[in-house]
Structures are given as structure tokens and as C-alpha cells.
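Read through the structure below, which is laid out as C-alpha cells, and then see the notes.
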Amino acid sequence: MTEQATGAPKPQQPRARTGGQQQSAPVEMTGAQSLIRALEEVGADTVFGLPGGAILPAYDPMMDSSGLRHILVRHEQGAGHAATGYAQATGKVGVCMATSGPGATNLVTPLADAHMDSVPLVAITGQVASGSIGTDAFQEADICGISMPVTKHNFLVTDADEIPRTVAEAFHIASTGRPGPVVVDISKDALQERTTFTWPPVTDLPGYRPVTKPHSKQIREAAKLIAQARRPVLYVGGGVLKSGATGELKVLAELTRAPVTTTLMGIGAFPDSHPQHLGMPGMHGTVAAVTALQKADLIVALGARFDDRVTGRLDSFAPLAKVVHADIDPAEIGKNRAADVPIVGDAREVIADLVVAVQAEADGEGLGEAAGAGFPDWWQQLDRWRETYPLGYDLPEDGSLAPQQVIQRIGELAPEGTLFAAGVGQHQMWAAHFIQYDRPASWLNSGGLGTMGYAVPAALGAKVGQPDRTVWAIDGDGCFQMTNQELVTAALNGVPLKVAVINNGALGMVRQWQTLFYDQRYSNTQLYEGGSGGEAPQQGRGTRCPDFVKLAEAMGCVGIRCEDPDQLDAVIEKANAINDRPVVIDFIVHEDAMVWPMVAAGTSNDEVMAARGVRPDFGDDEE
Ligand SMILES: Cc1ncc(C[n+]2csc(CCOP(=O)(O)OP(=O)(O)O)c2C)c(N)n1
């Protein structure tokens, strides 16, 4: 799949929020009606949810809304991830809705997931009547208290008059600065009571003023460091995608001629096919990217957060590098790695200003010799690492399917503009490695929380938000068993997403660690019979439980099985041609494939292994 890196989704801003504008004349209605009107006014068009007693008043006026489409999920976790997938695919705020108590607590995982990955989300939850709060009433849960550590903000609303203002503020907070999830918990009596609705409401967020414009002195300092560097790396994270800065990034990269590495959350921010792209850094990053950071004399971090999966053992991470760290969230700067030049600001503005400042250094002949020549010595080393340790895999000797091969062919046969959502595990890493991403918003995954069960509902949300794009979920057989019920939602709502179950019969990533670090003692990672551990059954993987083909068909999807490499392309093409229903392909793959390269948890990135038993040799002359 190739396409130019254009058309990053623009982050959505709520349509109306502050005073100063002409307010509409007050109209009398219920709090619930006011909630639906407010959602329409902020530009929400889709709500993923499931009703219950406390939120029921809101579901009644929803029936009369022409602007809001409600998609009834089968589990609230599905609603949360679907709203996340919708937000990641469109750049708009995702909206989910649930009732009080268990409905709300079922949203906790997707809220935490969205928080870790900075996804703009608004979750509307019903709460028991205000007079019952604190009495252990039926289906009462303190969702504001529970979700506080995993949300950007949350509101408890017990007065109908507060509903429009709160909705406007929630959308504003979710979508501005560092995006994130916001909970709006509304008591049932507030939904039922009479109020008046006017728009826009006057919002009041005195302490909330995200800095987007970077400080010019910091930009000049950063440009000077780039001009004097000999071994720079642009370390690019999800923030670049969120700010829609991919165009600016390409200009900066080509101006500086510095190598680029994009994190798991930053995939698509810089075209994989670009010659300056080294691939992904971190635990399963490419040898070239991991080593480039280790040997760099300057790291320019753009919308990335020095996550432990990227740095490995922090005290030995990039020991020679000065650091420029640009992030919209000041709390990220210096959190894990001290910054020599901290820059607080929106990535798009930061990168645009950096382009101007680096150009000024060049015009003023401030470039050092290496920068002036485009870092030829550095590129010589980088190219040697790329050529010596490329990504690759072996085909199984028994003629079975290699999981990497399945994923690679899905990528190669995908129609232009296809969007991929991955689960968590080996298949996620292979999907990051073996599909070529050349445009933003084409790769969705759960990077921070690592949530198994993310892929199917996120793909559902993405397909709802981008109905004209093909959407493939690349899922593991373990992940798929966590949230596949949302395929019923997809089938009934006419959302023809495609799911590739990479069925290795195991919780593969955990099994890989057992292979490498637990002496091949496979405790509770085998998903077929005899799966509680101990000896693997001699009869192999004969019993299919569940049978994913039958399961898919029972859920209103097309179910296909593929075990034969000779059938691989035909099966993928068949799935690509089906557009009236969801499709699930059960790819039976070899169970022993492993994800390489790998930096073992808790070790230094210097100890990256290119493959099992293959420790790259960088020589001493390269320091
Ligand atoms: C909700 C949740 N529980 C447990 C884990 C730990 N975990 C990480 S990867 C993985 C195995 C995933 O198995 P599968 O979906 O079959 O994918 P594979 O690794 O085989 O590709 C597990 C259990 C997790 N990330 N999320």
C-alpha cells in the first residue's frame, strides 16, 4: 500500500464554546434533550453506546436527532474502543455513552487506553439520581473517582442547567492541547428535570490554557544544536500525527537530511518508503533505529515521550546524545530523560518554526561541516546497519503459513488508502514491521496501554468514521476472543470491516517470552486443548475451539479459513472484494514464529538482538 503523506486528519475543534458570540434564544426542554442538542452543536455525529436505567432519559431524545447516529454495541468496552478508532481515523472527538455502575466501569479500559495514547474522547455516563449518590444505590459507581487517574478531566453534573456548558468544555478539553479522554457523568434527575437551552454556552476554564506557540529562543537553540550535530536523529511520536504536522516534518527532515525514526504511535507520520526512514525504535525496533538512537549525538524528540519500550534501560539509553524535546504537554519534558533544549508547543508550530530557524542557520553559514554536507559519515554507518540487519523472517519448513507473510501480503494487496487496526501481541509488531505505511491515520493500535481486544472495536469505529476506506483489523487469536462480539454490531449496522485472525493457537507474545526467558515452560499460553500448561498435546491443534469461521458466520459475517500459502493471495483478494458484510479470515499460522529484533525487557538497547542468537556487531570505531 503506497500513498503520498498528505491529508492528515485535522484535529476537530468544537464549533462553539466561548462567550462573545450571539446566544440563541432560550428554549425549554429536559436535561436529556439539552444533552442531545449540545452534542449536535459541538459537531458530534456518531455515538457508540449501550443504554441502561440511569442514562435512559438521554436515549429517548436521541431517537429524534437527525444529526446523531447511535451505534448500539454489545459491550461498553467495545463502545470506548470504537470511539477511539473513530477519533484516530478522523481526527474528530470520539463519543461513547454508557449507563451508571457496570456500564460506566466497563468503559474504564478504553478510557485508560485513550489516556495513554492521547486520544480525544468524550464518554457520557448516566449516574444515579443526585439524592442517591453516596448511598450505594443500585448500579451506583463513582466513575469520576474511578476514572480520575486515567482521564484528562471529568465532570459530575447534577444540575440540568449545567449540561450544555459541560459538554462544550468536555469537547474543548478533549480536543485541545494534548488530547485525551473526558468523562461527563450526569445524574438521572439532571437528565429528567426541565431546563432552558441556549447556545453557545459561556465556558469557564480559567486554569486551562495549553501552550501551542513555542518559545522562539528555544527554537533558535534547537536549530543551533541541529546545525552543529554530527549524528542527529529525529525521533518522531504520535504527537506529530495528532497535530497534523506530517507535511512540516517531511520538510524538516529533507532540509536537515537527518535520519527519522517513528515510534509505534508515530507510524505514518513520515513515509515508511522515504530513504531517510530508519523504521521503528524500541523493544522491537529495527537494529538501525535502535542503534542510531544509542550512537546519536543529538536526539530531536517531536511529540514523543521517551517511553520505556523505546528507551530500554533508561540509564544506558543514548548516552552520547544531547536532547531537544518538543511536546505540547510540559509534564512530558524531562519526565524520563533530561532535555538540553525543552520546547513546549504544538508539534506543527514547533516543526514549522524549526524549519525557518534551521534555514536561517544555513543561510547565515552557521551549519557545521557534517550538517552542511548532509551527515555523510553518519549515513554511511546507518546504511551499513540497515543493509546488514534488515527486517526479515523465515518461511516454516513444514509448508505452513508464516504469520509475517500473511500480514505482509494483506498490506501489499490492500486497496489504496486502507486503514489497519492491530491488536496487541506478536501480530501487532509484525503489522508494524511488514506493512508499509506511507500516509497518516492509516495505522491504529493500542500503544501505551497495550490493550488486547482493541482491534475489532477500533476497526469498527474507524470504518464508521471513514466508510470509503478499506479497514483491516489484524488480530491475534487471543485478542480476538476478548471483543469479537462487536462483529455483531458491525454486521447489524452495515459496517463491512475485515478481520485477519493470525491464529497461532497461543498467546503468542507471552509464549515468546516463555520460550526465551522461562526455559520453554508454556504455562497457560496455549489456546487449544490442554491449554492450562504442562505438556503440549501430542495430537496437535486438531480441535478448533472456538471455530472462528463458524463464529464469524454466527455473527453475520463471512467466515473463511486459510492454512495453505498457495491460497493466501486468493483468500485476501476475496476478502477485499466483499463489501456488504464484515469478513473474518482465520489464518492458521505456524506457532513458533518470533518477533525480531528484540531488546529484552529491563536490558539496555545496546543489547539489541537482530534475531535469536544474533547480536549485531557494530565495531569499536563507530562511537
Ligand atoms: C487485556 C490484556 N491482557 C493481557 C495482556 C498481556 N498480553 C500481551 S500480548 C498477549 C498475547 C496476545 O495473544 P494473541 O492475541 O493470540 O496475539 P499473538 O501474540 O499470538 O500475536 C498477552 C496475553 C494484554 N496486553 N492485554
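Per-residue answers, yes or no, for (1) among the charged types (D, E, K, R); (2) part of a helix (DSSP H, G or I); (3) on the phi < 0 side of the Ramachandran plot:
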position: Leu205; (1), (2), (3): no, no, yes
position: Met265; (1), (2), (3): no, yes, yes
position: Gly282; (1), (2), (3): no, no, no
position: Ala288; (1), (2), (3): no, yes, yes
position: Leu293; (1), (2), (3): no, yes, yes
Residue by residue through the stretch 458-484, note down the ones that are more than 16 Å from the ligand (Cβ to nearest atom) and either surrounded by 24 or more Cβ atoms within 10 Å (Cβ to Cβ) or at pLDDT below 95 (or both).
-> Leu460, Gly461, Ala462, Lys463, Val464, Gly465, Val471
Taking the stretch 358-375 and keeping only residues that are free of Cβ contacts under 8 Å to residues at least 60 places away in the same chain, open to solvent by less than 70 Å² (accessible area, probe 1.4 Å) and assigned to a helix (DSSP H, G or I), one is left with Gly372, Ala373
List the pairs whose first member sits in the stretch 148-161 and is of a type in the set (A, V, I, L, M, F, W, C), whose second member is part of a loop (DSSP other than H, G, I, E, B), and whose Cβ atoms are under 6 Å apart, counting only residues at least 6 apart or on separate chains?
-> Ala160/Glu193
Taking the stretch 571-623 as the search range and keeping residues that are part of a strand (DSSP E or B) and in contact with a helix residue (DSSP H, G or I) (Cβ under 7 Å, 6 or more places away or on another chain), which one is surrounded by the fewest Cβ atoms within 10 Å (Cβ to Cβ)?
-> Ser604
Contact list, first residue from the stretch 48-72 and touching a residue at least 24 places away in the same chain (Cβ under 8 Å) and part of a loop (DSSP other than H, G, I, E, B), second anywhere and among the aromatic types (Phe, Trp, Tyr) and open to solvent by less than 50 Å² (accessible area, probe 1.4 Å), beta-carbon distance below 6 Å, six or more apart or interchain, is Pro51/Tyr59
Output the qualifying pairs, or none if there are none: Cβ atoms under 9 angstrom, residues six or more apart or on different chains, first residue in the stretch 493-515 and closer than 15 Å to Trp430 by Cβ, second residue more than 8 Å from the ligand (Cβ to nearest atom) and of a type in the set (Ser, Thr, Tyr).
-> Ala506/Tyr522; Ala506/Tyr528; Arg511/Tyr522
Residues of the stretch 488-503 satisfying the condition of being open to solvent by less than 10 Å² (accessible area, probe 1.4 Å) and within 16 Å of the ligand (Cβ to nearest atom) | Val499, Ala500, Val501, Ile502
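Mind counting the residues in the stretch 406-428 that are aliphatic (A, V, I, L, M), buried (at least 24 other Cβ atoms within 10 Å of the Cβ) and either in a strand (DSSP E or B) or near the ligand (Cβ under 9 Å from one of its atoms) (or both)?
Just the residues of the stretch 406-428 that are aliphatic (A, V, I, L, M), to begin with: 406-407, 410, 413-414, 419, 421-422, 424.
Going one step further and asking which of them are buried (at least 24 other Cβ atoms within 10 Å of the Cβ), we end up with 406-407, 410, 419, 421-422.
Add one more test, that the residue is either in a strand (DSSP E or B) or near the ligand (Cβ under 9 Å from one of its atoms) (or both), and what stays is 419, 421-422.
The number of residues fulfilling the criteria is 3.
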Selection from the stretch 87-122 of residues that are away from the ligand (no atom under 16 Å from the Cβ), of a type in the set (Gly, Ala, Ser), open to solvent by less than 10 Å² (accessible area, probe 1.4 Å) and out of contact with any Phe, Trp or Tyr (no Cβ under 6 Å at 6 or more places or on another chain) = Ala87, Ala89, Ala98, Ser100, Gly101, Gly103, Ala104
Mind checking which residues of the stretch 48-78 are buried (at least 24 other Cβ atoms within 10 Å of the Cβ) and under 24 Å from Gly556 (Cβ atoms)?
-> Phe48, Gly49, Ile71, Val73, Glu76, Gln77, Gly78
Qualifying positions in the stretch 429-457 - more than 8 Å from the ligand (Cβ to nearest atom), among the aromatic types (Phe, Trp, Tyr) and open to solvent by less than 10 Å² (accessible area, probe 1.4 Å) | Tyr437, Tyr454
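The values are calculated or read from the model by the stated rules, or taken from the named source; none is laboratory data. Note that the coordinates shown come from a computational prediction; the quantities given were computed from them, not determined experimentally. Because the Cβ atoms are built from the backbone with ideal geometry, glycine has one as well, and the counts that use them run over all protein chains shown. Ligands, DNA and RNA are stripped out before the accessible areas are found, and what is left, the full protein with its side chains, is counted by its heavy atoms. Shrake-Rupley method; radii C 1.70, N 1.55, O 1.52, S 1.80 Å.
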